[in-house]
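The structure appears below as structure tokens.
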Amino acid sequence: TDDDAALSSSRSLLITQLLFQLCRQSSQFSATVEQKSSPLSPAPQTTTVDNPNIQLDGSWSTAKQALRNPNCCVVSISGLDHHLSTLQSYFCGEDAPSDVDLRMRVRCCGGNGNSTNSSTEISYVDCANVYHTIVDPPSTTGWRNNNNKITTSDINNEQHNNNPNNPCIQALQELALGVHSLTDGPLQRTVTDIHMRVVCASTYSANDPPFHTDKCPLRGYVTLVGPGTEYMDSTCRPWEYVALRSLGVDGLGLVNGEGSLKMAEELEFIVMKGDYYDASVPKDDSSMSQNKKKLWSRAEACVHRSPPGNNAKRVILSLDLADGGDDQEWEERGRKRNWRVGMTQRKSHLVS
């Protein structure tokens, strides 16, 4: 009955409020998780790891500088308007594919000091592979041999058969190399690739998706068509996360920080910190940052969720640093789905 439903809702709210108060009263959490701004070093020029002469269009170096601040959990990348509009025209037009879910690896570093196989050439071929798999799947044969290696002839053949100045492939490459350039601290020595995911959904449905953080270091995200992801523009403390996770938008009233809920605009490229983000910090802040992470793994992560949707078209592109936590690649085509909890990754260990 309506009375029973109302009683159940009241009990859930009461339980959540009690949990909220218990977490908030934890002096250990309160003392340790209290955020502290760290001074930022001068912004380096945006480059790729193996070729310092490569210039990118986006404000990647500014974003890298901003993300080093423990208080910063999400940044918006400027300078990508042309690239994002190009992707929208290829992936969202009348002749664009629909009901496609693709995740592929893009290598962003050249191999073994061989200047021929530079990061631009290798990443171009992998981005071309993504492009053809989505736009023209029958012609897709891939350009890797059985050992997952690439040769000079492979690169030359791809550039000969497909315009090396293809604007869509160049746009994908800008995003891939840009997100990879955000690697910092220990990740800069170990992460060489990114995983690129493209989802073209003819009907997107999600009813009150849960707030969560990503189980990865960083995630770049753009909505080409449809509603954008909803995110908190500042980090959340444990009791605030409990409120949002349990009550959804109704829990915003229990968030006492300076953060607010925002929705990414169409064609806005954002980068969100995940649970595993790690960057160099000033010496005097290192112990505080490490202790905070030990007690609260989401201390610097961006709390966000897929937007509610009701059978609307939605096309998204996401890029994760390939840190070894999830190396799956897939291609799914022609299957209409309703995302009960939004357009999240398939594997539950990637979101929390």
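The values are calculated or read from the model by the stated rules, or taken from the named source; none is laboratory data. All of these numbers come straight from a predicted model, not from anything done at the bench. Don't worry about glycine lacking a Cβ; one is built from the backbone with ideal geometry, like all the others, and counts go over all protein chains shown. Heavy atoms of the whole protein, side chains included, go into the accessibility calculation; ligands, DNA and RNA do not. Shrake-Rupley method; radii C 1.70, N 1.55, O 1.52, S 1.80 Å.
Return only the number of the condition from (1) within 19 Å of the chain's Cα centre (by Cα); (2) open to solvent by 10 Å² or more (accessible area, probe 1.4 Å) that T213 does not satisfy.
(2)
Do we have T203 as under 18 Å from P307 (Cβ atoms) and surrounded by fewer than 19 Cβ atoms within 10 Å (Cβ to Cβ) here?
yes
Just a yes or no: is a residue in the stretch 226-238 modelled with pLDDT under 90, open to solvent by 30 Å² or more (accessible area, probe 1.4 Å) and basic (K, R)?
Among the residues of the stretch 226-238, at least one is modelled with pLDDT under 90, open to solvent by 30 Å² or more (accessible area, probe 1.4 Å) and basic (K, R), which makes the answer yes.
Give R189, R144 a once-over and let me know the one that is surrounded by fewer than 18 Cβ atoms within 10 Å (Cβ to Cβ) and modelled with pLDDT under 60.
Unique residue meeting the criteria: R144.
Do the conditions hold for N291, that is, is it touching a Ser or Thr at 6+ places or on another chain (Cβ under 6 Å) and at pLDDT below 95?
Yes, satisfied.
Quick check, is P227 of a type outside the set (D, E), over 15 Å from the mean Cα position of the chain (by Cα) and under 23 Å from L102 (Cβ atoms)?
Against the criterion (of a type outside the set (D, E), over 15 Å from the mean Cα position of the chain (by Cα) and under 23 Å from L102 (Cβ atoms)), P227 qualifies.
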